[in-house]
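**Q** Attaching a single structure in structure tokens format; questions to follow.
The values are calculated or read from the model by the stated rules, or taken from the named source; none is laboratory data. Everything numeric in this text was worked out from a predicted model, so none of it was measured. Reconstructed Cβ throughout: ideal geometry from the backbone, glycine too, with neighbour counts over all protein chains shown. To get the accessible areas, we keep the full protein, side chains included, count just its heavy atoms, and leave off ligands, DNA and RNA. Shrake-Rupley method; radii C 1.70, N 1.55, O 1.52, S 1.80 Å.
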Amino acid sequence: MIRTEEMLLNVGPQHPSTHGVFRIVLKIDGETIIEATPVIGYLHRGTEKLAENLQYTQIIPYTDRMDYLAAMTNNYVICHAVETMMSLEIPERAEYLRVIVMELGRIASHLVWFGTYLLDIGAMSPFLYAFREREAIINMLNEICGARLTFNYMRVGGVKWDAPDGWIEKVRDFVPYMREELAGYHDLVTGNEIFLNRVKGIGYYSKEEALDYSLSGANLRCTGTSWDLRKDEPYSIYDRFDFDVPVFHTGDAWARYQCRMQEIEESLKILEQAVEQFPEEGPVMAKVPRIIKPPKGEAFVRIESPRGEIGCYIASEGKKEPYRLKFRRPSFYNLQILPKLLVGENISNLITILGGIDIVLGEVDG
């Protein structure tokens, strides 16, 4: 029997931004992980506490920073919560614009995950292709809102401004282009024997464990649970679109990969229908007061972000600032299962498991 000594191994933090702010302390025996401790808090911004001294419209830019890969969905959830409290009816054209930019953001987010995941486990080309397609999306979002990462496009009652001339046609043309490129991704990666050996059977957890840990998004649907708030508790105008909820049953990194790749295809379906149904004219903002003061009370709403379920709770005293604001961040909950997944694994599977969970640290640290 070979006698080995336990060793502590620090993984991160490497960089003061993006996913580099995450640190995990591993205790290893040889090449086997026997203990894993996530260390978070390097990026804490105090968003919820800051919001208590901000008017509602001023809070929206802070939500961009919570998920810098899909800021549109975070913009939406705060607006949706305030609109629910005020019982606002949103103009139809604004609802379509919201859905279109959110689904474009969902695809762009999954492309970042796909490219960086493959890069982390040793493949260079998929990263370059994924960022090429993401750049096309970012250019369209930049055209409609004037920003490439932190969009600040949603407003309580609608959106900041209408789509420029020809923008809807660009979205329409993007759908078949992205479908063709997605087929190329599958040819290059999905059937690749080396890739399959790296992800199949790795990072497994059961349906019961996923529910116990409050996982959501692809991290839940990979265990056979069909749950997508766009379908099960429709918000905005998602009930007008025909799309499926990708579900797989093996509960491993391979199933999570397949879920997200199919989610791109379903988002393309939604975009295709949205641009065809898009109203020819109409306002993009409801009639709201210059200073927004929701009535006294509280509300909780939840939506489906690229990483899972994001919720927003607001308690109001009828003033222009919230009395209390709380976000339910999907990455924070999805992260909790990491120690369970890593203990007993070979250290070579660390990146496969960590990357497959798909967390954004802005949502973890707040």
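**Q** Do we have Leu268 as more than 20 Å from His80 (Cβ to Cβ), assigned to a helix (DSSP H, G or I), open to solvent by 10 Å² or more (accessible area, probe 1.4 Å) and touching a residue at least 40 places away in the same chain (Cβ under 8 Å) here?
**A** no
**Q** Would you call Thr116 closer than 20 Å to Gly308 by Cβ and either touching a helix residue (DSSP H, G or I) at 6+ places or on another chain (Cβ under 8 Å) or of a type in the set (Phe, Trp, Tyr) (or both)?
**A** Judged against the criteria, Thr116 is a match.
**Q** Within the stretch 69-103, which residues are of a type in the set (Ser, Thr, Tyr), surrounded by fewer than 24 Cβ atoms within 10 Å (Cβ to Cβ) and under 17 Å from Ala51 (Cβ atoms)?
**A** Once the filter is applied, which keeps residues that are of a type in the set (Ser, Thr, Tyr), surrounded by fewer than 24 Cβ atoms within 10 Å (Cβ to Cβ) and under 17 Å from Ala51 (Cβ atoms), the stretch 69-103 yields only Thr84.
**Q** Collect the residues in the stretch 159-217 that are farther than 28 Å from Leu128 by Cβ, part of a helix (DSSP H, G or I), open to solvent by 50 Å² or more (accessible area, probe 1.4 Å) and not acidic (Asp, Glu), keeping them in residue-number order.
**A** Lys207, Leu211, listed by residue number.
**Q** Keeping to the stretch 294-332, report how many residues are more than 15 Å from Met86 (Cβ to Cβ) and aliphatic (A, V, I, L, M).
**A** Count: 3.
**Q** Criterion first (in contact (Cβ under 8 Å) with a residue 24 or more places away in the chain and in contact with a helix residue (DSSP H, G or I) (Cβ under 7 Å, 6 or more places away or on another chain)) does Ser216 satisfy it?
**A** So Ser216 passes the test.
**Q** Cβ-Cβ under 9 Å, sequence separation 6+ or interchain: first residue in the stretch 87-116 and at negative phi and free of Cβ contacts under 8 Å to residues at least 40 places away in the same chain, partner in a helix (DSSP H, G or I) and among the basic types (Lys, Arg). Which pairs?
**A** Ala108/Arg134; Gly115/Arg134
**Q** Among the listed residues Ile337, Ile314, identify the single one that is among the β-branched types (Val, Ile, Thr) and either over 18 Å from the mean Cα position of the chain (by Cα) or open to solvent by 20 Å² or more (accessible area, probe 1.4 Å) (or both).
**A** Ile314
**Q** If Leu26 meets every condition in (1) part of a helix (DSSP H, G or I); (2) open to solvent by less than 30 Å² (accessible area, probe 1.4 Å) apart from one, which number is that one?
**A** Just one mismatch for Leu26, condition (1).
**Q** Still on this structure: Considering each of Glu281, Glu298, Glu309 in turn, give the residue that is among the acidic types (Asp, Glu), open to solvent by less than 30 Å² (accessible area, probe 1.4 Å) and either at pLDDT 95 or above or assigned to a loop (DSSP other than H, G, I, E, B) (or both).
**A** Glu309
**Q** Can you confirm whether the stretch 144-155 contains a residue that is closer than 25 Å to Tyr96 by Cα, part of a loop (DSSP other than H, G, I, E, B), more than 19 Å from the chain's Cα centre (by Cα) and touching a residue at least 40 places away in the same chain (Cβ under 8 Å)?
**A** No, the stretch 144-155 contains no residue that is closer than 25 Å to Tyr96 by Cα, part of a loop (DSSP other than H, G, I, E, B), more than 19 Å from the chain's Cα centre (by Cα) and touching a residue at least 40 places away in the same chain (Cβ under 8 Å).
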